[in-house]
1. Checking Asp750 against (1) open to solvent by less than 20 Å² (accessible area, probe 1.4 Å); (2) part of a helix (DSSP H, G or I); (3) not hydrophobic (A, V, I, L, M, F, W, C), which test does it fail?
2. Go through the range 492-508 and report how many residues are out of contact with any Leu (no Cβ under 7 Å at 6 or more places or on another chain) and over 21 Å from Gly567 (Cα atoms).
3. Does the range 314-327 hold any residues that are of a type outside the set (Gly, Ala, Ser) and either out of contact with any Leu (no Cβ under 9 Å at 6 or more places or on another chain) or surrounded by 23 or more Cβ atoms within 10 Å (Cβ to Cβ) (or both), and which are they?
4. Take the residues in the range 738-772 that are modelled with pLDDT under 90 and of a type in the set (Ser, Thr, Tyr), then tell me which one is nearest to Leu865 (Cα to Cα).
5. Looking at the range 542-551, which of its residues are open to solvent by 10 Å² or more (accessible area, probe 1.4 Å) and part of a loop (DSSP other than H, G, I, E, B)?
6. Condition (residue is open to solvent by 30 Å² or more (accessible area, probe 1.4 Å), farther than 25 Å from Ser398 by Cα, of a type outside the set (Phe, Trp, Tyr) and free of Cβ contacts under 8 Å to residues at least 24 places away in the same chain) applied to the range 434-449: is it met by at least one residue?
7. Going by the structure shown, is Leu420 surrounded by 15 or more Cβ atoms within 10 Å (Cβ to Cβ) and either under 26 Å from Pro294 (Cα atoms) or at pLDDT 90 or above (or both)?
8. Within the range 300-315, track down each residue that is within 25 Å of Leu254 (Cβ to Cβ) and assigned to a strand (DSSP E or B).
Amino acid sequence: MLMFTIPQFFFAAWVMVVSLQMQGYISCIEKERKGLLELKAAYVNKEYSYDWSNDTKSDCCRWERVECDRTSRRVIGLFLNQTFSDPIRINLSLFHPFEELQTLNLYDFGCTGWFDDIHGYKSLGKLKKLEILDIGNNEVNNNVLPFLNAASSLKTLILHGNNMEGTFPMKELKDLSNLELLDLNGNFLSGPVPGLAVLHKLHALDLSDNTFSGSLGREGYKSFERLKNLEILDLSENGVNNTVLPFINTASSLKTLILHGNNMEGTFPMKELINLRNLELLDLSKNEFVGPVPDLANFHNLQGLDMSDNKFSGSLENKGLCQLKNLQELDLSQNKFTGQFPQCFDSLTQLQVLDISSNNFNGTVPSLIRNLDSIEYLALSDNEFEGFFSLELIANLSKLKVFKLSSRSNLLRLKKLTLLHPKFQLSVIELQNCNLENVPSFIQHQKDLHVINLSNNKLTGAFPSWFLEKYINLRVLLLQNNSLTILELPRLLNHSLQILDLSANNFDQRLPENIGKVLPNIRHLNLSNNGFQWKLPSSFGEMKDIKFLDLSHNNFSGSLPMNFLIGCYSLHTLKLSYNKFFGQIFPKPTNFGSLVVLIANNNLFTGIADGLRNLQSLGVLDLSNNYLQGVIPSWFGGFFFAYLFLSNNLLEGTLPSTLFNIPTFKILDLSGNKFSGNLPSHFNGMDMSLLYLNNNEFSGMIPSTLIKDVLVLDLRNNKLSGTIPHFVKNEFILSLLLRGNTLTGHIPTDLCALRSIRILDLANNRLKGSIPTCLNNVSFGRRLNYEVNGDKLPFEINDDEEFAVYSRLLVLPRQYSPDYTGVLMFNVEFASKSRYDSYTQESFNFMFGLDLSSNELSGDIPKELGDLQRIRALNLSHNSLSGLIPQSFSNLTDIESIDLSFNLLRGPIPQDLSKLDYMVVFNVSYNNLSGSIPSHGKFSTLDETNFIGNLLLCGSAINRSCDDNSTTEFLESDDQSGDEETTIDMEIFYWSLAATYGVTWITFIVFLCFDSPWRRVWFHFVDAFISLFKCV
């Protein structure tokens, strides 16, 4: 995505300083020299000490961060930016000696507020010539505004990145009538913008990255109309919608309008902005605009247009954009444009930047690009182009610096041109998904490549190490998802390369021993999903600047080399999963003080050593699926974990109490171990989302507070006992899994208050009583307005350099943005459709289920369960439920699986259940059901195993004709006689049982009346039993 910013050249015109140190022969005046020394004494920074000398012969006009007038030698500029870090309130009276001061820069000074015990709010009024004041990126709030209002001479006021809040501070700034630039970016201002008419000299207004919303109001409308000099307006990253457009339309002097990242919608706002004929830059990116591009002839002065990251669609054949003859930079990326690229674009002869990436353009790559003589940045990637692309089309574009081409169709190929000598010298080349089998030969003629991206191709053979030798300024090399097999590195050091991705290739040998020596400045290295073997080279310790290292999904083995553990002190993210590393994890202290993410699951590690203890920045630790033994160390409570995964190991013992007090927990997974003892009453994690304690040996009762704040609570397959507690109220819990314990008692009606539940699993316990009728209050998918996705890691790496290419008008995107955040997968296991499945991320969003099977529940099935219209799995099997199958089950329109087997249900199967279109499983075996089995809908696909154990059922599913059935004389075909036929069935059953019982007793009495050896043995046995009883 291209993002407009207020042009750097414009801001520079307001805040540019001629020099930080002035040359001259006349020294500064003594009053100001003393004033500077007083400033130094009051605000000396331990990390940055000014070179302001106490020597009376020292000329303060030559001091750093001081600017003097060349003639008068009076101080006119102080540049104290980024020289003080501790929070401090500034005494404004210390600036009063500098009566000629014009520029005061306190950017990033650690300032929290101002004071002046003598002059109060009028303090800045003493600086009558102050024109530029920069207090950006501090911690000041609205308390400084009364001081600012006294500085009536100000022309430039920069307040961005502070803690201003509330509505626009118009009253506090009403006397600043000379303001020409006002920057309030990155604060917490909200509500509508009030009248700005008093600031009638404004040229530039930056209100971006606040929380303004809605219309500007009637007063705002008038004020914009009166701002005759306003040329730059930035409202990006707010919550404003289309209602502001008519107000903005009155500011006819505007040349730059930035509306990026708001809530705009509808079609291109041509009519709403019809009066802005002077516009040169228009940024509508990252909104919700839709539809085609209209006729834009009214914007004939446009030089830059950003429509990226919207939902614009249709073809561009209407030539709406081709009328912008002055257009220099155009970004249409991340939309839904279709068709072929319009031929009229060759008339845009001044075009320097063109980005049409991430759309649905198809056909061949347009040949018209050969006519874009001024083009410097050309991005055609992530479309549906196909056929052959010839690099001859761009060979004569001598100004081209960035070229990007890829296709989702996998039908795009490059023509092989061995003698091509292009006129351009690229900085960035991206040829993804182009079916390349070899490195294009034209790349050899490039002299200063910074970024090479040939990923997702069919490159084979050896790694092209000549890239590292030829391009001394190469910083990014991406070759992932190819078929390279041999990794050999040059002997010479490459000091420039910072990002290397060789993941998902076919390397299967040892890593070169010199990898760390050849790439000493590497910052991002991804070797995952290959077949690398043996131990890690010790030269990894030479990578002092590396922040991200992914070695996962290889065949590495052995222990981690000590040089690596000590040398890579900048490491932030380390991924070792799916290898064969063994031994203790970090057996000795490491130098990983900056390590935040350690993912080492699915290895052969056997223990947690003290070397892990000094990783105080660690926030994500995954050691699951190893062979860890022993207990969790108590010092684990000293970390600020957000995510901790220790599942499927051999850990045992009780959980250390310190683990419960970590306030930053979001996910804790201790499942699949041998932990024992009682469960903690709660965890202190304020944002605890997922808590997995299943498949352990925990015992005792479940604390009622354990559910507090969690989204998923999994306690399956432990040794927990007692009743289900009266859980504290939790409106957000999505999954409660208590299966496989020895819980007793009734199902508490308190569970009905957990309204957001998607999955409730209470199976395999000893619960008694009836099923609560109030379970229809639980959502099981109803009234749910959000989805659950993989949790993003809340940690980022801020690169010092942006890997960006800059143009005159736009800040172009980073050429490579490594994903340091990652996505944490989670799963919820639940039985559905006669099998046990794991639901992860997206699939969890579509699973809603209730499992009460294998308990001792009794009574009727509540008809209210038929209200759970979005439920997909319902299992009530292996209980003692009686009564009829509720007719209301026909309302379960999304149901896929119903299991009512092994109960005491009677009566017919409701015929309306045949309307359940998604039902795959319907198991009612081993009940006392009667009547005909429905034959329509999904019932026609069910076999007899779903109905066995019901002697009075008939139908084609069990090959038993209802006409021949011996019970038909008691049955009626219509549903209205269901109760009567059930009564007849049960009467027959009871009479048969009584007759059998009576015959048995009569036979036994008759047997005792005859004298026989069996009779004598019987009475002898009775006498012996009575004697034994008397002895006792």
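The values are calculated or read from the model by the stated rules, or taken from the named source; none is laboratory data. In this text, all values refer to a predicted model and were calculated from it rather than measured experimentally. Ideal geometry is used to build each Cβ from the backbone, glycine not excepted, and the neighbour counts take in all protein chains shown. Accessible surface is based on the protein model in full, side chains and every heavy atom, while ligands, DNA and RNA are left aside. Shrake-Rupley method; radii C 1.70, N 1.55, O 1.52, S 1.80 Å.
1. (1)
2. Total satisfying the criteria: 2.
3. Leu316, Glu317, Asn318, Lys319, Leu327
4. Only one residue fits best here, namely Thr749.
5. The answer is Lys544, Asp545, Lys547.
6. Scanning the range 434-449 turns up at least one residue that is open to solvent by 30 Å² or more (accessible area, probe 1.4 Å), farther than 25 Å from Ser398 by Cα, of a type outside the set (Phe, Trp, Tyr) and free of Cβ contacts under 8 Å to residues at least 24 places away in the same chain.
7. On the way: surrounded by 15 or more Cβ atoms within 10 Å (Cβ to Cβ): yes; either under 26 Å from Pro294 (Cα atoms) or at pLDDT 90 or above (or both): no.
Taking the combined requirement at face value, the residue does not satisfy it.
8. Our first condition is that a residue be within 25 Å of Leu254 (Cβ to Cβ); within the range 300-315, this holds for 300-310, 312.
Within the range 300-315, Gly304, Leu305, Asp306, Phe312 qualify.
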